[in-house]
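Written below as structure tokens is the structure these notes are about.
The values are calculated or read from the model by the stated rules, or taken from the named source; none is laboratory data. Please read these numbers as outputs of a predicted model, since none were measured by experiment. Here Cβ is always computed from backbone atoms with ideal geometry, including for glycine, and neighbour counts include all displayed protein chains.
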């Protein structure tokens, strides 16, 4: 278990911090982990898309709380297939159409995959000629953030 020193993040020194941003990027990291944990109870597409929205949002939280520069984060994301897919899934779920610079494929397809009578169908994304299981992709995104944050000297918050 890693301990983390937390600093309360305030946008305006005269005001109390807003609950959703109480501890800056750590708040968003913890929220992303909680959504990932919810996938174990509810593996639906809605939960997957909610996870990917919160996962990619961590990028903005890190930049806006001055924890990491956009050039560092974007360089890491651009070198990671899972996070590039995460970006496209996030943008597609928010806007229906990706009309500006997709990371992988503006015309990605999310579909169910039959896996035999003894297993439930999987949910996969077809993008750029590659098929990826969305649950495995979610796990890969968590690993990406853990590795990227640690490599840049940011301590991971403890999450129950």
Checklist entry - Mind checking which pairs have a first residue in the range 140-155 that is touching a residue at least 60 places away in the same chain (Cβ under 8 Å) and a second that is outside any helix (DSSP H, G or I) and surrounded by 12 or more Cβ atoms within 10 Å (Cβ to Cβ), Cβ under 7 Å, 6 or more apart or different chains? => result 144/80; 149/156; 152/68; 154/67; 155/4
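Every residue, every condition in (1) touching a strand residue (DSSP E or B) at 6+ places or on another chain (Cβ under 6 Å); (2) part of a helix (DSSP H, G or I); (3) modelled with pLDDT of 95 or more; (4) exposed (fewer than 13 other Cβ atoms within 10 Å of the Cβ), yes or no:
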| site | (1), (2), (3), (4) |
| --- | --- |
| 91 | no, yes, no, no |
| 99 | no, no, no, yes |
| 104 | yes, no, no, no |
| 139 | no, yes, yes, no |
| 156 | no, no, no, no |
| 160 | no, no, no, yes |
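Inside the range 110-128, can you point out the residues that are more than 20 Å from residue 51 (Cβ to Cβ) and either modelled with pLDDT of 85 or more or in contact with a helix residue (DSSP H, G or I) (Cβ under 9 Å, 6 or more places away or on another chain) (or both)? Let's see the steps before the verdict.
From the range 110-128, those more than 20 Å from residue 51 (Cβ to Cβ) are 114-119, 128; that's our starting set.
Passing the criteria: only 128.
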Next on the checklist: Every residue in the range 54-82 that is touching a residue at least 24 places away in the same chain (Cβ under 8 Å), within 20 Å of residue 108 (Cα to Cα) and not in a helix (DSSP H, G or I), please.
Outcome noted: 80
